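The values are calculated or read from the model by the stated rules, or taken from the named source; none is laboratory data. Owing to the predicted nature of the structure, the values given are computational and were not obtained by experimental measurement. Glycine gets a Cβ as well: all are built from the backbone with ideal geometry, and neighbour counts include every protein chain shown.
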Amino acid sequence: MAFYRISIQNTLTYRGPILLWRVGNLLALLTMAAFWLSAKGGATIGGYGKSELVTYYIFVMFLQWIIFWNASGYVSQEIKEGEFSTRALLKPASYYWQKFAHELGWHTLSPLYGLTIIAVALFFLKSNLVFRFSPLTFFFLVIAIFLGAVVCFSLSMCLGLLAFWLTETSQVNSLLWAGLLVLGGQGIPITFFPDMFRTVIYILPFRYVFSFPIEIFLGRLALEGILVAFVIQVLWIGTFVLLYNLLWKKGVQVYSAYGG
Amino acid sequence: MRRYFKLIIINWKRCFMRLVEFRLEVVAWSIHSIFWIALTFLFIWLIFGQVQSVAGWTESQVVVLTITFGLFESFLWFFVYPSVLNFSKMIRRGDLDTLLVKPVNTRFAVSFSIFEFDNYGRFLVMMALLFLSFSRLEATLTLANMISFVLLFFIGVFIFYCLFFIMATMSFWFTDLWNLEDFLESIVDVGRFPTYIFEQGFRLIFFYVLPVAYVATFPTEALMGRPSDLRIIAGLMLGIILFIISQLFWKFSLKNYTSASS
C-alpha cells in the first residue's frame, strides 16, 4: 500500500507530461478513425464494419491507459545503473510487488487525465460508435482487463531482468511493443491476419492483453471463448511468474553494482 | 557565414566519430529500425488484403508514401529531433548558460550542435525501396517531378524544424516538458497516412496550419506527377512565417530565462 501511495503521489506531479501524452493519443485516434472511414472495401473490413473499427480504436486508446503495465524500462535501467541494489536487494519487500504497486498507482490515476480526451473523441466520432453491452459482459471485461494488465506486467518484468546479462536492453524491450502492436491487436485487429497466422496469435500472450478485452467489448466472443481465454491468461501469468523467479535467482548471482 | 559552415562540419565530424566509437550499438540499432520498417510493410500488406484503397490511394501509392514518411523521419532524427530535444533539456537543467556565453549565435548553436547518424541504415534502405517501388506507381518519373519532390521534402523538414523549435522554446515557461519527444512524434505520425483521409475542415488544418501534408503526402504527390507549384510557394511562405514567429518567440523567451544552476 505504501508503494501504491507513493506511485499515486508521483503520478499527480506528472500532470503536464500526461496531458501531452493524451493529446498525442487523441491525434493518433482521430487519424486512425479518419483512415478507416475513408477506406474503400467490402461491407466489412477484416470482419468489422467501419463504425466497429472506429469503436475498436477508441477502446484501444482507453486500454493503453489502463492495461499497458510495462515495467521493463525501469527494471533494466535500475539494474544497469546500480540502483537495483538499494531498490530491490536491500528493501524488505518483494521487487515484483513493488513494481506491481507502482504500475497499479500510475494506471489508476493517469486514465483520469484522459477523460477530456475521450469526451473530445466522442464529440467528433459519436455517429460511429457501436456498443453491445450487458452487465455480464462488463463483468467479464473487468476481469479480462485486470488479467491482461498482469500478463503484460509479468512479461515486462521478465524482459527487464534480461538487463542482468545484456548491456543494451532497449531493443529487447521494444519486442514487447512490437508484439502488442502487431500480434496483440493494438495496431490492427487480429482478424486481418490469414488463418495460419491467427493460430499462432491465439497461442502467444499478446492477444490476451489488448485484443481479448476488445473482443469482449464488441461482443465478438461466445461464453466458451471467453472462459478459454481466461484460462490462457492465467496460464501465461503463471508461466511468466515462474520465468521471473528463475531469471531473478540466476540474475542476482551475476549482478554487480558500480559505485558506492 | 563561412565560420558557421565550418562549425557545422566540425560538429558533423565529432558526431560521426562518436558513431564509429559505438559500432556494435549502431549495427544493433540499424537492425532494430529495419525490423520496424518490415513491420510497417506488414501492416500495409494486411490492410490492403482487406481494402481496395484508402482516400482514393492504392496500395502502391501508400507504399511510396510510407517510404517517403520513413525518409522524412530519418531526416528529422538526423538533426531536428536531437537538437530540439537537447535544447529543451538544456533549458530545464539550466545548461543553456554555457551556450549563451559562446561567441556564436545561440540559436545556431542549439540547432546544429547534434547530428545523429544512427538512422543511416534506415535511410539507405528507404532510398533503395523508393527506387524499387516507384516502378509500381504507374507514373512517369521526370526531372521536374523529382525536383518538386526534393523541394517539398526539405520545405517540410524546415517547417517542422520551426514548429518543433517553437514547442521546445516553451520549456522556458513549462519546465516539466520532458516527454516533448513523444508529443512531437505524435504530430509527425499524422503524416504517415494520405492527408486526404481527413474531411474538408481537418484537411485544411493538416494542409496549412499544422502542415503534416508536407511530411509525405505532398512530396509523394509530386513524384506521382500531380501539380505542386502552388504547394511549393505556400510551403516556402509558411516556412518563412514560422521561422519569423519562432525567432520572435525565442528572443522574447530568452529575456525571461533564469538559469537553474549558476
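Assess whether A:Thr44 counts as being surrounded by fewer than 19 Cβ atoms within 10 Å (Cβ to Cβ), without any contact (Cβ under 8 Å) to a residue 60 or more places away in the chain, out of contact with any Pro (no Cβ under 6 Å at 6 or more places or on another chain) and facing another protein chain (nearest Cβ under 10 Å). Here the answer is yes, as A:Thr44 does meet what is asked. For the range B:195-209, taking the residues that are more than 8 Å from chain A (Cβ to nearest Cβ) and touching a Ser or Thr at 6+ places or on another chain (Cβ under 7 Å), the one that is modelled with the highest pLDDT is identified as B:Thr195. Scanning the range A:202-225 for residues that are buried (at least 19 other Cβ atoms within 10 Å of the Cβ) and part of a helix (DSSP H, G or I) gives A:Phe206, A:Arg207, A:Tyr208, A:Ser211, A:Phe212, A:Pro213, A:Ile214, A:Glu215, A:Ile216, A:Phe217. Among the residues of the range B:23-64, those identified as of a type in the set (Val, Ile, Thr), closer than 24 Å to B:Leu223 by Cα and either surrounded by fewer than 14 Cβ atoms within 10 Å (Cβ to Cβ) or facing chain A (nearest Cβ under 8 Å) (or both) are B:Ile47, B:Val51, B:Val54. Residues being at the interface with another protein chain (Cβ under 10 Å from one of its Cβ atoms) and closer than 22 Å to A:Tyr95 by Cβ: count how many of those fall in the range A:173-192. The total comes to 1. Counting only helices (runs of 4 or more DSSP H) that fall entirely inside the range B:96-178 and contain at least 1 residues that are more than 14 Å from the chain's Cα centre (by Cα) and under 20 Å from B:Val63 (Cα atoms), the qualifying elements are B:120-134, B:143-169. For the residues A:Gly225, A:Gly185, the requirement of being of a type outside the set (A, V, I, L, M, F, W, C) and either in contact (Cβ under 8 Å) with a residue 24 or more places away in the chain or touching a Leu at 6+ places or on another chain (Cβ under 7 Å) (or both) singles out A:Gly185. When the range A:47-81 is limited to residues that are farther than 30 Å from A:Ala101 by Cβ and aliphatic (A, V, I, L, M), the one that is nearest to the other protein chains (Cβ to nearest Cβ) turns out to be A:Leu53.
For the range A:1-41, a residue qualifies if it is of a type in the set (Gly, Ala, Ser) and at the interface with another protein chain (Cβ under 7 Å from one of its Cβ atoms), and the qualifying residues are A:Gly16, A:Gly24, A:Ala28, A:Ala34, A:Ser38, A:Ala39, A:Gly41.
For the range B:10-22, check the following and say yes or no: at least one residue is farther than 24 Å from B:Phe123 by Cβ and either surrounded by fewer than 16 Cβ atoms within 10 Å (Cβ to Cβ) or in contact (Cβ under 8 Å) with a residue 12 or more places away in the chain (or both).
If we filter the range B:10-22 for residues that are farther than 24 Å from B:Phe123 by Cβ, which is where we start, we get none.
No, the conditions are met nowhere in the range B:10-22.
On the stretch given as the range B:148-171, residues that are within 14 Å of chain A (Cβ to nearest Cβ) and either among the small types (Gly, Ala, Ser) or more than 17 Å from B:Val215 (Cβ to Cβ) (or both) total 3. Answer yes or no: is there a residue in the range B:178-187 that is touching a residue at least 12 places away in the same chain (Cβ under 8 Å), small (Gly, Ala, Ser) and in contact with a helix residue (DSSP H, G or I) (Cβ under 9 Å, 6 or more places away or on another chain). No: the range B:178-187 contains no residue that is touching a residue at least 12 places away in the same chain (Cβ under 8 Å), small (Gly, Ala, Ser) and in contact with a helix residue (DSSP H, G or I) (Cβ under 9 Å, 6 or more places away or on another chain). Of all residue pairs spaced 6 or more apart or on separate chains, those with beta-carbon atoms under 9 Å, a first member in the range B:66-82 that is of a type in the set (S, T, N, Q) and a second member that is surrounded by fewer than 23 Cβ atoms within 10 Å (Cβ to Cβ) and not in a helix (DSSP H, G or I) are B:Ser74/B:Asn119. Looking only at the range B:48-65, residues that are part of a helix (DSSP H, G or I) and without any contact (Cβ under 8 Å) to a residue 24 or more places away in the chain come to 1 in all.
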